[in-house]
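Participant: Sharing a structure, written as structure tokens. Questions coming.
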Amino acid sequence: MTNSKPSAKSTKKDETSMPLSTTPSSKLSTTDKVKLSLKNRHKKESRFKRTGFFAVIFGFMLVLVLIGDIGSKALPAFHQHWVKLDINYQNNWLNIDDTSEENLKKANYRTVLKKSIYHMFPTESGKKLSRKDKRQVFKLFSTNAEFTLKDYLISSPEYLNTQTSVWVRLDDDVDSYLKENFAQGEAGLRITKQQAQWLVKLSDENRIESRFNFSFFTASDSREPELAGIKGALTGTLLTMFVTLLLSFPLGVAGALYLEEFAPKNRWTDIIEININNLAAVPSIVFGLLGLAVIINLFGLPRSAPLVGGIVLTLMTLPTIIIASRAAIKAVPPSLREAALGLGASKMQVTFSHVLPQAMPGIITGGIIGVAQALGETAPLLMIGMVAFIVDVPTSIVDSATVLPVQIFLWADSPERAFLAKTSAAILVLLALLLVINVTATMLRTKFEKK
Amino acid sequence: MNNLNIEEEITETVGNIYAENAKMSIRSADVFYGDKQAIHNVSLDLAKNQVTALIGPSGCGKSTFLRCLNRMNDTIDICRVTGQLMLDGEDIYAKDLDPVLLRARVGMVFQKPNPFPKSIYDNVAYGARIHGLTNNKAELDEIVETSLQKAGLFNEVKDRLNDPGTGLSGGQQQRLCIARTIAVSPEVILMDEPASALDPIATAIIEELIDELKEKYTIAIVTHSMQQAARVSQHTAYFHLGKLVEMGKTEDIFTRPSHKLTENYITGRFG
């Protein structure tokens with residue numbers, strides 16, 4: 001009886017666990033078998049390593065292509081053609097008597113501009129330009145040119161009744177034409193043959209110059225592409241992000257700390273947790289509707305304001321920050337909490353002097369992901385009116401404003417060709433802003449990690 | 001040897017649970033985790049200025065019991081403690097007793113050294129700071145220095161008090177944790193296997209330290225090492241499956257244990 005039992009067991013074992021060197025069916029030793037399988041295992045590993053490496057390279061290439069494409073399209077937006085005009089500030093054209101400030105402000109610069117231009121382009125026969133030609137030659141220059149003349153005369157009134165050279169912007173169509181094919185006298189997109197020949201003349205006289213486009217960074221939006229800049233949208237974005245960060249970070253961290261450290265673990269906190277997770281998946285436009293219905297219509301906050309935009313984006317980023325912060329807080333080793341509790345620290349002291357500093361790097365990462373998300377958000381802002389055409393740079397969080405992504409959307413939608421480059425340039429600025437935020441976050445992270 | 005038969009016989013603790021000069025006295029303590037009972041009807045005294053060792057096989061509840069003595073189990077939601085647990089005749093589970101105050105009087109040193117990720121100085125000064133023991137920088141320096149000296153660490157770290165505590169060796173970290181506990185001037189120190197993660201030399205230093213500390217503090221130590229219990233303690237309590245099997249003077253327990261289970265454990269026949 002004692003013999004039969006173990007033997008039955010051992011035969012069963014042999015059937016189930018064959019691949020051991022003790023089984024008589026195989027003559028190979030363990031070392032040989034391991035060696036055999038080792039080859040295969042190494043092959044698998046190197047295959048995986050190759051795949052991973054190519055995945056990284058592929059992703060990197062995509063980013064390169066993206067940046068390269070946007071960058072090359074954006075380049076034209078950073079420079080702009082100016083033209084030197086011989087302007088004759090005659091007082092009868094200006095319709096003023098003296099150089100008092102009041103007169104200089106209301107003087108008729110358009111006539112001065114027109115007459116000076118017509119004077120510069122005599123017809124071959126020496127006759128006066130036809131009406132049609134006049135209109136065409138005037139269209140070569142930016143509508144802003146008369147204001148350039150005005151500023152020039154106000155800053156140096158001694159030029160009244162004299163002829164002087166003034167640099168003005170060319171029209172955006174001319175600018176785009178010159179950027180693509182330098183003045184050769186051929187007709188181009190929205191440029192007639194006649195206009196092209198005038199440009200050749202101007203360029204031969206060395207009157208055309210390409211300059212860095214400072215106004216792209218110092219001006220706000222404009223209907224005229226050659227005047228449009230991103231300062232308004234950039235300021236709007238910074239103000240909105242300021243409000244978002246100010247609201248979402250403390251609220252998110254406080255919420256996460258409460259849920260992790262203080263709240264009892266029961267059905268209610270489970271429901272809250274599920275809801276927070278669901279909130280993170282709500283389409284952002286829904287938050288925009290909420291902002292419109294509640295924040296603007298019910299509470300009566302101003303439309304198009306960074307304050308409202310910030311509140312709406314806070315609603316959107318809060319779940320992200322709470323989820324990331326909770327994960328970071330959970331990762332703080334319990335031994336640290338026990339050490340502080342064992343010394344008689346209160347829960348509050350444990351939380352703020354031990355848990356929070358340890359969780360800070362993770363919380364910052366979560367916060368940055370949330371803010372980066374908010375930075376690129378367009379949909380909810382459309383609902384609360386931040387999509388408006390706004391020429392003034394906002395100075396406070398209740399001024400009308402727009403933000404970079406919305407500005408990009410608006411420009412991309414504009415028919416003028418020159419806005420194509422502006423759109424790409426604005427995207428570059430947005431990406432640069434994102435980079436600045438990420439670098440700041442990384443620096444903050446390392447600072448907290450060192451502690 | 002069949003342990004199962006003997007286990008059924010654990011009805012009452014053998015030996016002497018009473019101390020002449022008891023700092024803490026526990027009567028009929030039961031501890032539950034949810035529905036599961038982890039400690040069954042344990043009664044014992046911790047003698048003042050003496051070391052009491054709690055020994056027993058893994059999972060016997062000695063750590064759970066130790067953590068009840070300064071209400072560290074409060075952090076576990078499902079944990080419930082009943083019975084009478086007294087510190088100087090005061091019920092430590094009384095409703096109006098603040099666990100923060102209790103933990104200032106009953107300090108704890110954990111199995112794994114767990115210094116704060118702060119400087120050595122801040123580690124030791126932390127307890128004094130949060131309890132507002134002093135507002136004076138010079139006094140705080142004094143507290144830090146004497147605590148480190150009592151823990152036998154001062155000479156090793158006096159030149160680098162601002163270095164992070166986590167940069168010390170395991171043994172030094174554990175002594176730092178002891179210094180941190182002493183700095184609050186508790187009356188009782190609970191030690192949960194303080195030397196289990198340390199090498200023999202560091203262990204010897206800690207044991208010496210425990211011997212010195214008992215002059216000022218009442219100490220309860222959980223240990224897996226019978227030799228350690230024999231070396232450092234005056235009283236030994238043997239736990240088995242959540243019950244206190246035997247308690248008595250250390251030399252009695254180790255030379256002539258009364259209960260068969262105790263004998264089996266200390267002679268190494270099981271455990």
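Participant: Which members of segment A:332-375 meet the condition of being among the hydroxyl-bearing types (Ser, Thr, Tyr) and within 14 Å of chain B (Cβ to nearest Cβ)?
Facilitator: The answer is A:SER335, A:SER346, A:THR351, A:SER353.
Participant: Tell me the helices (runs of 4 or more DSSP H) entirely within segment B:44-141 that contain at least 3 residues that are more than 10 Å from every other protein chain (Cβ to nearest Cβ).
Facilitator: So the answer is B:62-68, B:120-130.
Participant: Another question, if that's okay. Any chance segment A:249-260 includes a residue that's within 14 Å of chain B (Cβ to nearest Cβ) and not aromatic (Phe, Trp, Tyr)?
Facilitator: For segment A:249-260, residues within 14 Å of chain B (Cβ to nearest Cβ) and not aromatic (Phe, Trp, Tyr): present.
Participant: Further, regarding this structure: Based on this model, can you work out whether B:THR146 counts as in contact with a Gly (Cβ under 9 Å, 6 or more places away or on another chain), outside any strand (DSSP E or B), farther than 16 Å from B:SER63 by Cβ and not hydrophobic (A, V, I, L, M, F, W, C)?
Facilitator: For B:THR146, the condition - in contact with a Gly (Cβ under 9 Å, 6 or more places away or on another chain), outside any strand (DSSP E or B), farther than 16 Å from B:SER63 by Cβ and not hydrophobic (A, V, I, L, M, F, W, C) - is not met.
Participant: Another question, if that's okay. Restricting attention to segment A:154-169, does a residue exist that is among the acidic types (Asp, Glu) and either in contact with a Phe, Trp or Tyr (Cβ under 7 Å, 6 or more places away or on another chain) or under 30 Å from A:THR423 (Cβ atoms) (or both)?
Facilitator: No: segment A:154-169 contains no residue that is among the acidic types (Asp, Glu) and either in contact with a Phe, Trp or Tyr (Cβ under 7 Å, 6 or more places away or on another chain) or under 30 Å from A:THR423 (Cβ atoms) (or both).
Participant: Between residues in segment B:204-233 that are of a type in the set (Lys, Arg) and residues that are in a helix (DSSP H, G or I) and surrounded by 18 or more Cβ atoms within 10 Å (Cβ to Cβ), which pairs lie under 6 Å by C-beta distance while being six or more apart or on different chains?
Facilitator: Going by the 6 Å Cβ cut-off, the qualifying pairs are B:ARG231/B:GLU207.
Participant: Continuing with this model, one more query. If the requirement is being at pLDDT 90 or above and in contact with a helix residue (DSSP H, G or I) (Cβ under 6 Å, 6 or more places away or on another chain), which of these qualifies: B:VAL188, B:VAL184, B:VAL106?
Facilitator: Of B:VAL188, B:VAL184, B:VAL106, the one residue that is at pLDDT 90 or above and in contact with a helix residue (DSSP H, G or I) (Cβ under 6 Å, 6 or more places away or on another chain) is B:VAL184.
Participant: Let me ask another. In segment B:69-86, what count of residues is obtained for those that are among the acidic types (Asp, Glu) and either under 16 Å from the mean Cα position of the chain (by Cα) or farther than 16 Å from B:ARG103 by Cβ (or both)?
Facilitator: 1
This table checks each residue for (1) more than 14 Å from the chain's Cα centre (by Cα); (2) modelled with pLDDT under 85; (3) over 25 Å from A:PHE262 (Cα atoms).
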{"site": "B:MET1", "(1), (2), (3)": "yes, yes, yes"}
{"site": "B:GLU12", "(1), (2), (3)": "yes, yes, yes"}
{"site": "B:LYS23", "(1), (2), (3)": "no, no, yes"}
{"site": "B:ILE26", "(1), (2), (3)": "yes, no, yes"}
{"site": "B:HIS40", "(1), (2), (3)": "yes, no, yes"}
{"site": "B:ALA47", "(1), (2), (3)": "no, no, yes"}
{"site": "B:GLY61", "(1), (2), (3)": "no, no, yes"}
{"site": "B:ARG67", "(1), (2), (3)": "no, no, no"}
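Participant: May I pose another question? A:PHE242 is checked against (1) loosely packed, with under 15 Cβ neighbours inside 10 Å; (2) within 30 Å of A:ILE329 (Cα to Cα); (3) free of Cβ contacts under 8 Å to residues at least 12 places away in the same chain; (4) not basic (Lys, Arg) and fails just one. What number does that condition carry?
Facilitator: For A:PHE242, the exception is condition (3).
Participant: Within segment B:248-258, can you find the residues that are surrounded by 21 or more Cβ atoms within 10 Å (Cβ to Cβ) and either out of contact with any helix residue (DSSP H, G or I) (no Cβ under 8 Å at 6 or more places or on another chain) or of a type in the set (Asp, Glu) (or both)?
Facilitator: B:GLY248
Participant: Taking the condition of being under 19 Å from the mean Cα position of the chain (by Cα) and acidic (Asp, Glu), how many residues in segment B:92-111 meet it?
Facilitator: 0
Participant: I would also like to ask the following. Could you grab me the full set of residues in segment B:238-271 that are in contact with a Phe, Trp or Tyr (Cβ under 9 Å, 6 or more places away or on another chain) and among the hydrophobic types (A, V, I, L, M, F, W, C)?
Facilitator: Result: B:PHE239, B:LEU244, B:VAL245, B:MET247, B:ILE253, B:LEU261, B:ILE266.
Participant: I've got another one for you. Just to be sure, is B:ARG129 buried (at least 22 other Cβ atoms within 10 Å of the Cβ) and of a type in the set (Lys, Arg)?
Facilitator: So B:ARG129 does not fit the description; no.
Participant: Report, by residue number, each residue of segment B:241-263 that is touching a Pro at 6+ places or on another chain (Cβ under 9 Å) and either modelled with pLDDT of 90 or more or in a helix (DSSP H, G or I) (or both).
Facilitator: Result: B:GLU246, B:GLY248, B:GLU263.
The values are calculated or read from the model by the stated rules, or taken from the named source; none is laboratory data. Since we're looking at a predicted model, the values are computed, not measured. So basically every Cβ, Gly included, is an ideal-geometry build from the backbone, and we count neighbours across all protein chains shown.
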